[in-house]
Amino acid sequence: MKSPLLTLPGAVPAEGVDEGVAAHYGDLFREQRALADGAGFVDLSHRGVVTVTGEDRLGWLHLLLTQHVSELPVGEATEALVLSAHGHIEHALYLVDDGTTVWAHVEPGTAEALIAYLESMKFFYRVEVADRTGEFAVVHLPAGSIAEPPEGAVVRETAYGRDLFLPRADLESYAEKAGPAAGLLAYEALRVENHRPRLGFETDHRTIPHELGWIGTAVHLQKGCYRGQETVARVQNLGKPPRRLVFLHLDGSDVHLPPPGTEIRLADDGEDGRRIGVVTTSARHHELGPVALALVKRNVPVDARLVAGDTAAAQEVIVEP
């Protein structure tokens, strides 16, 4: 769904899964600094919006999601996952309940599959699931923003800022008041800085929550009764995940960022060294320079010097080995 905000001055469209919104508006670092200072907004209107209504909504979702939501307070933001039977991550939901409806935004292109799964699990529960992407757009206000959300807007407030669910028809008029606009590249650079994983970027078909640090934030360990829970409990209590998420400081002398999928090797092994990981997201940060998130094998020493493609990289631990 193409955003009307692509008509704003300087807008350059994003590509790939983020197609439909602006990658930037002409000045990546200015946009990043504005967000870091609590100013402006980010157009996330390409993300899917799913709602669940009905008096059983919280108890029903509690049975399906990794998060404890049966008693979720009105207005309290949380995030949750849907796992496969083997504990692999299939969906990530960013939730808030407004007292009558659970609102969730999800990755672009994933709402249909998520809704199909939820519909298959309704049974006798009094719930209604709906795809509201065509009616509502997600807008992000950064942490520290003093901008007032429009009256009646559903707000999901976190430590990283506020996500607004706005009527899609109001997106342009809101942008006129909420500027300056910041593009998705600025938003992603701050996501990388904050070590926040993203479905489809830091995940593949075999990713489990422990690898990405999603235990605690998106997975509640004191609940069961959801698909994949056995794997979560077994790894938590008896083992270690095979991979771990790391933050990389990249050599700033390189002109090009190593793209997602770039192989990571131990620097001491030279060009013929074996692959020990892969870059998942790379970004240019306004203060830190070129940085990235990556998945590496759990047993890679935390002080090891790494190479991402041809780019030297120093790691910071996100998930303990």
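The values are calculated or read from the model by the stated rules, or taken from the named source; none is laboratory data. Treat the numbers as computed from the prediction; the structure is a model and nothing was measured. Neighbour counts run over all protein chains shown; Cβ positions are idealised from the backbone, glycine included. Note: accessible area is taken over every heavy atom of the protein model, side chains too, but ligands, DNA and RNA are not part of it. Shrake-Rupley method; radii C 1.70, N 1.55, O 1.52, S 1.80 Å.
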It is to be established whether one or more residues within segment 208-219 are in contact with a Gly (Cβ under 9 Å, 6 or more places away or on another chain), open to solvent by less than 60 Å² (accessible area, probe 1.4 Å) and without any contact (Cβ under 8 Å) to a residue 24 or more places away in the chain. no
Take Glu287 and tell me if it is in contact with a strand residue (DSSP E or B) (Cβ under 6 Å, 6 or more places away or on another chain) and either assigned to a strand (DSSP E or B) or more than 22 Å from Leu212 (Cα to Cα) (or both). no
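Please indicate, with yes or no, whether at least one residue in segment 149-158 is more than 20 Å from the chain's Cα centre (by Cα) and among the basic types (Lys, Arg).
Looking only at segment 149-158, we keep the residues that are more than 20 Å from the chain's Cα centre (by Cα), and these are 149-153.
Checking which are among the basic types (Lys, Arg) leaves us with none.
Checked segment 149-158: no residue is more than 20 Å from the chain's Cα centre (by Cα) and among the basic types (Lys, Arg).
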Boolean, Gly134 is in a loop (DSSP other than H, G, I, E, B), surrounded by fewer than 14 Cβ atoms within 10 Å (Cβ to Cβ), of a type outside the set (Lys, Arg) and touching a residue at least 60 places away in the same chain (Cβ under 8 Å): yes
Looking only at segment 220-239, which residues are surrounded by fewer than 19 Cβ atoms within 10 Å (Cβ to Cβ), in contact with a helix residue (DSSP H, G or I) (Cβ under 8 Å, 6 or more places away or on another chain) and of a type outside the set (Gly, Ala, Ser)? Leu221, Lys223, Cys225, Val235, Gln236
Check segment 267-275 and report whether any residue there is surrounded by 14 or more Cβ atoms within 10 Å (Cβ to Cβ), touching a strand residue (DSSP E or B) at 6+ places or on another chain (Cβ under 8 Å) and not small (Gly, Ala, Ser). no
Return a yes/no flag: does segment 169-179 have any residue that is under 27 Å from Val69 (Cα atoms) and among the basic types (Lys, Arg). no
Odd one out for Pro321, checked against (1) more than 30 Å from Leu61 (Cβ to Cβ); (2) in a strand (DSSP E or B); (3) in contact (Cβ under 8 Å) with a residue 60 or more places away in the chain: (2)
Within segment 116-131, how many residues are in a helix (DSSP H, G or I) and open to solvent by 20 Å² or more (accessible area, probe 1.4 Å)? 4
Looking only at segment 95-107, count how many residues are in contact (Cβ under 8 Å) with a residue 60 or more places away in the chain and either touching a Ser or Thr at 6+ places or on another chain (Cβ under 8 Å) or among the charged types (D, E, K, R) (or both). 4
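With respect to Arg198, is the statement that it is in contact (Cβ under 8 Å) with a residue 24 or more places away in the chain, in contact with a helix residue (DSSP H, G or I) (Cβ under 8 Å, 6 or more places away or on another chain) and either among the basic types (Lys, Arg) or surrounded by 18 or more Cβ atoms within 10 Å (Cβ to Cβ) (or both) true? If you could, list the steps in order and put the result at the bottom.
Numbers: in contact (Cβ under 8 Å) with a residue 24 or more places away in the chain: yes; in contact with a helix residue (DSSP H, G or I) (Cβ under 8 Å, 6 or more places away or on another chain): yes; either among the basic types (Lys, Arg) or surrounded by 18 or more Cβ atoms within 10 Å (Cβ to Cβ) (or both): yes.
Here the answer is yes, as Arg198 does meet what is asked.
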Tell me, yes or no, whether segment 247-260 has at least one residue that is among the small types (Gly, Ala, Ser) and farther than 15 Å from Thr280 by Cβ. yes
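Regarding Asp27, is this residue free of Cβ contacts under 8 Å to residues at least 40 places away in the same chain, among the acidic types (Asp, Glu) and either in contact with an Asp or Glu (Cβ under 8 Å, 6 or more places away or on another chain) or under 13 Å from Pro180 (Cα atoms) (or both)? Lay out the reasoning, then the answer.
Numbers: free of Cβ contacts under 8 Å to residues at least 40 places away in the same chain: yes; among the acidic types (Asp, Glu): yes; either in contact with an Asp or Glu (Cβ under 8 Å, 6 or more places away or on another chain) or under 13 Å from Pro180 (Cα atoms) (or both): yes.
Yes.
Anything in segment 290-299 that is assigned to a strand (DSSP E or B) and not basic (Lys, Arg)? List them, or say none. Quick ask: steps written out before the conclusion?
To start, the set of residues in segment 290-299 that are assigned to a strand (DSSP E or B) comprises 290-297.
Answer for segment 290-299, where residues must be assigned to a strand (DSSP E or B) and not basic (Lys, Arg): Pro290, Val291, Ala292, Leu293, Ala294, Leu295, Val296.
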Hey, does segment 138-160 have a residue that's without any contact (Cβ under 8 Å) to a residue 40 or more places away in the chain, touching a strand residue (DSSP E or B) at 6+ places or on another chain (Cβ under 6 Å), closer than 26 Å to Ala186 by Cα and open to solvent by less than 30 Å² (accessible area, probe 1.4 Å)? yes
Restricting to segment 162-180, give me the number of residues that are in contact (Cβ under 8 Å) with a residue 24 or more places away in the chain and within 17 Å of Gly75 (Cβ to Cβ). 4
